[in-house]
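For reference, the structure discussed in these notes is given below.
The values are calculated or read from the model by the stated rules, or taken from the named source; none is laboratory data. The structure presented is a predicted model; accordingly, all values stated were derived computationally and were not measured. Cβ coordinates were reconstructed from backbone atoms using ideal geometry, including for glycine residues, and neighbour counts include every protein chain displayed.
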Amino acid sequence: MSSTKKKSNKVAIYLIKDDVEYDKILKDYAYKNILCKNDQSITYYAPTKQNIPIWLSSYFNITTDVKICNANAKVISLHQLTINGEKKIFAIPFGSGKYLLNDDVIEEQFGIKVLLNSVTKDGFRQLSTSNYGGDHRTRNEQTPKKTDISEFGFDIHSDFLRKATAKSEEELFNKNTITGGDLLSVSVPVNIININDFLVKCYNRYKSDKYKKNFAWLDNIKEVKEKKLKVELDQELIKIINIHDFSRVWSAVPEVVEWENILDFRYKTSKTGYDDIEIQNIIELFPNKIIPDIDSLKRRYVFAMNLDGEEELYKWKIYNCIIAEIEYKQNVYCLNFGKWYKVNKDFVKATNEYYSEIPLSNIEFPIAHNEREDEYSQELHNCMKNSILMDKKTVKMTGMGRSSIEVCDVLTHNKELIHVKKNGGSSYLSHLFNQASVSGEILLDVNFRNEVNKKIEKNIFPGNFIPNDYTIVLAIITNSNADRPKIPFFSKVSIQYAIDGLKRKGYNVEIKNIYNKK
């Protein structure tokens, strides 16, 4: 007796937000044509237009009748179900049917939560991530066979998991591979007649907390995608700036820059420049120091000028240079490099507590006066007896490609490795923390230490190197004279990751605020 395997269909499922009315889910014209309906679902379609591609005549010079046409099928089913006493709506598109959906109607992370509640840590095949603590790069990675999520270049401290593909061993998904992001995509033996039971089970998976055992970090930070909420947050930002509450809003360069090549910052290339990007200077651009709307910050630019003051090295929208940390409707939001993020309150509390407990260095640092970082490092070295200036004394190591490693900026006679950086945005400070981490890692290599000794012509790093004998000092130049540097929230996330890694290697780590007096 032979068994026939049930035919599977690939379905992509969206969950519609609770506050979206049924007649607002799709674009208006999409409701005009019904393909089929039953008690709990209606399938809509947009009539397909078939035309002969214009390139047949313009490129190939073919005008005869051939069987080549443009086709763009748009079909979408809306399923209204009652689950645990609550009404829920699911959208299942076919062809290009997803383009019938209006903006901001789908529940974000529906698919990724279903996936994480349905797979093990070692079942992953592909990840799509983007970075929020540094340069906001987006990265797609895949492996030839299923593997642990930790094997990907995914950093839970600074990356979002936007989408993932993983193998499920569960009968619910026919033991198939699942893709989850905002949507859920999987091949299962269902059709329009019997899919509702499957949707109910998927929703129950979405509501489960099982994922928190292995993937609790998913809830820490969430990018705000809803247009209405982003508009409200931008309006709140303008209010805060216009009452000059600069305890929650400030500005900084939004990327890693070569400070030694920058003369000044200007808001018009022909105008007098400033030593840094300051929110106080930004509001001076507007009549009565009042910013009328958010577009005013998006239309204007900041220019970083070269040392001759004649050419721009960098150019950013003012909006992208603003950092904000605000509470709105009982939630915490951060603005970083032009993007808004919702941050879990418990995560905010834990991160701030960690940062407040990082030991402060007792070293007496000279006050900065807007000099370049290399000039300040030289001054710091001059003030410290028996210290060694390590700035720009880089060492190239075999196996590190073209990378040259800088141990630190100044090494004291008390074995303090001091790294000095200006307080740029989170991307710039993340670069500082990464430098310290790489330096701490490579110093464990005896060959590297020997090369450093040769470079400076002193035997400062012994063969029996003990990390616990050394203290890494992260010194940040800011415009505040507080003991602890004021840095963006995402930089506090990054510094925790860096410090924990250095401590595991045995180093002591301290931080220091260097007051930049103007």
For N214, state whether it is in contact (Cβ under 8 Å) with a residue 12 or more places away in the chain and at negative phi. yes
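Criterion first (at positive phi, touching a residue at least 12 places away in the same chain (Cβ under 8 Å) and part of a loop (DSSP other than H, G, I, E, B)) does K392 satisfy it? Talk me through it step by step, then tell me what you get.
Numbers: at positive phi: yes; touching a residue at least 12 places away in the same chain (Cβ under 8 Å): yes; part of a loop (DSSP other than H, G, I, E, B): yes.
Judged against the criteria, K392 is a match.
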Can you name the residue in the range 390-415 that is surrounded by fewer than 23 Cβ atoms within 10 Å (Cβ to Cβ) and closer than 27 Å to F490 by Cβ and is also modelled with the lowest pLDDT among such residues? S403
Residues that are part of a loop (DSSP other than H, G, I, E, B) and under 14 Å from I418 (Cα atoms), drawn from the range 360-385: S361, N362, I363, E364, F365, P366, M384
Filtered residues of the range 118-133 (kept if more than 21 Å from the chain's Cα centre (by Cα) and part of a loop (DSSP other than H, G, I, E, B)): S118, V119, T120, K121, D122, G123
Of residues in the range 42-56 being modelled with pLDDT under 95 and either among the polar types (S, T, N, Q) or outside the structural domain of S77 (by TED's automatic domain parsing) (or both), the one nearest to the chain's Cα centre (by Cα): T48
How about the range 285-325: which of its residues are surrounded by 15 or more Cβ atoms within 10 Å (Cβ to Cβ) and among the basic types (K, R)? R300, K317
Hey, could you check the range 82-118 for residues that are at positive phi and of a type outside the set (D, E) and say which is surrounded by the fewest Cβ atoms within 10 Å (Cβ to Cβ)? G85
Looking at the range 467-498 only, could you name the residues that are at pLDDT 95 or above and among the β-branched types (V, I, T)? T471, I472, V473
Filter the range 23-81 down to the residues that are in contact (Cβ under 8 Å) with a residue 60 or more places away in the chain and farther than 18 Å from Y99 by Cβ and list them by number. C36, N38, Q40, S41, H79, L81
Being aromatic (F, W, Y), farther than 17 Å from I358 by Cα and touching a strand residue (DSSP E or B) at 6+ places or on another chain (Cβ under 9 Å) narrows it down to one residue among F489, F448, F433; which is it? F448
Read through the list (1) in contact (Cβ under 8 Å) with a residue 24 or more places away in the chain; (2) under 20 Å from S158 (Cβ atoms); (3) among the acidic types (D, E), then give the number of the only condition that E141 fails. (1)
Filter result (outside any loop (DSSP other than H, G, I, E, B) and under 27 Å from the mean Cα position of the chain (by Cα)) within the range 165-185: T165, A166, K167, T177, I178, T179, G180, L184, S185
Among the residues of the range 438-464, write down those that are crowded, with 19+ Cβ neighbours inside 10 Å, of a type in the set (G, A, S) and in contact with a Lys or Arg (Cβ under 9 Å, 6 or more places away or on another chain). G440
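Let me confirm something: among N191, N242, which residue is in the same structural domain as D159 (by TED's automatic domain parsing) and surrounded by fewer than 18 Cβ atoms within 10 Å (Cβ to Cβ)?
On the way: N242 fails: in the same structural domain as D159 (by TED's automatic domain parsing).
Going through N191, N242 in turn, the sole match is N191.
Here is a list: V224, V249, V256. Which entry is more than 17 Å from E108 (Cβ to Cβ), under 18 Å from the mean Cα position of the chain (by Cα) and of a type in the set (A, V, I, L, M, F, W, C)?
Numbers: V224 fails: more than 17 Å from E108 (Cβ to Cβ); V249 fails: under 18 Å from the mean Cα position of the chain (by Cα).
Just a single option satisfies the conditions, and that option is V256.
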So is L229 within 30 Å of A164 (Cβ to Cβ), of a type outside the set (G, A, S) and modelled with pLDDT of 90 or more or not? yes
How many residues of the range 465-518 are surrounded by 18 or more Cβ atoms within 10 Å (Cβ to Cβ), of a type in the set (D, E, K, R) and under 22 Å from the mean Cα position of the chain (by Cα)? The answer is 1
Kindly indicate the residue of the range 42-81 that is within 30 Å of I106 (Cβ to Cβ) and of a type in the set (K, R) and also surrounded by the fewest Cβ atoms within 10 Å (Cβ to Cβ) among those meeting that condition. K49
Checking E255 against (1) touching a helix residue (DSSP H, G or I) at 6+ places or on another chain (Cβ under 9 Å); (2) of a type outside the set (A, V, I, L, M, F, W, C); (3) over 22 Å from K342 (Cα atoms), the condition it does not meet: (3)
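When you look at G111, is it over 25 Å from S208 (Cβ atoms) and not β-branched (V, I, T), yes or no? Outline the logic, then answer.
Working: over 25 Å from S208 (Cβ atoms): no; not β-branched (V, I, T): yes.
When the stated conditions are applied, G111 does not pass them.
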All but one of (1) more than 18 Å from E169 (Cα to Cα); (2) among the hydroxyl-bearing types (S, T, Y); (3) modelled with pLDDT of 85 or more hold for T129, so report the exception by its number. (3)
